[in-house]
Amino acid sequence: MRLSASKQAVCEAVAAFPQGVGIDAIADTLPNIARRTLQRLLGELVESGQLARAGKGRATVYSHVAAPDT
């Protein structure tokens, strides 16, 4: 599955933080993406299995999911 440029940028930003990262740090890394759009993209990436989400509300942390070996 090919990701859009915005989704790819979000995945790369999250992957730069191996311990996981909150939306504020992701937004700081990607100032060209509106916060609401970022929230939507993160949700779509979690649903598709590209990212993992842990925590609730302000404590939510996103982390990159390693691709399975083929």
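Some observations on this one:
- The length gained by stretching the chain between residue 61 and residue 12 to full extension, at 0.36 nm per residue less their Cα-Cα distance, is 16.1 nm.
- Restricted to Cα atoms, the range 3-70 shows a radius of gyration and a Dmax of 11.1, 36 angstrom.
- Additional length obtainable on full extension of the chain from residue 40 to residue 4, 0.36 nm per residue less Cα span: 11.6 nm
- Percent RCO, i.e. relative contact order, over the chain, from Cα pairs under 8 Å lying at least 6 residues apart: 36 percent
- Taking Cα centre as origin and charging only the Cβ of basic (Lys, Arg, +1) and acidic (Asp, Glu, -1) residues, the dipole magnitude of the chain rounds to 280 debye.
Throughout, read-outs are computed from the coordinates displayed, never taken from laboratory work. Here the structure is a predicted model, which is why all the values come from computation and not from measurement. As a convention, Cβ positions derive from the backbone with ideal geometry for all residues, glycine included, and neighbour counts pool all protein chains shown.
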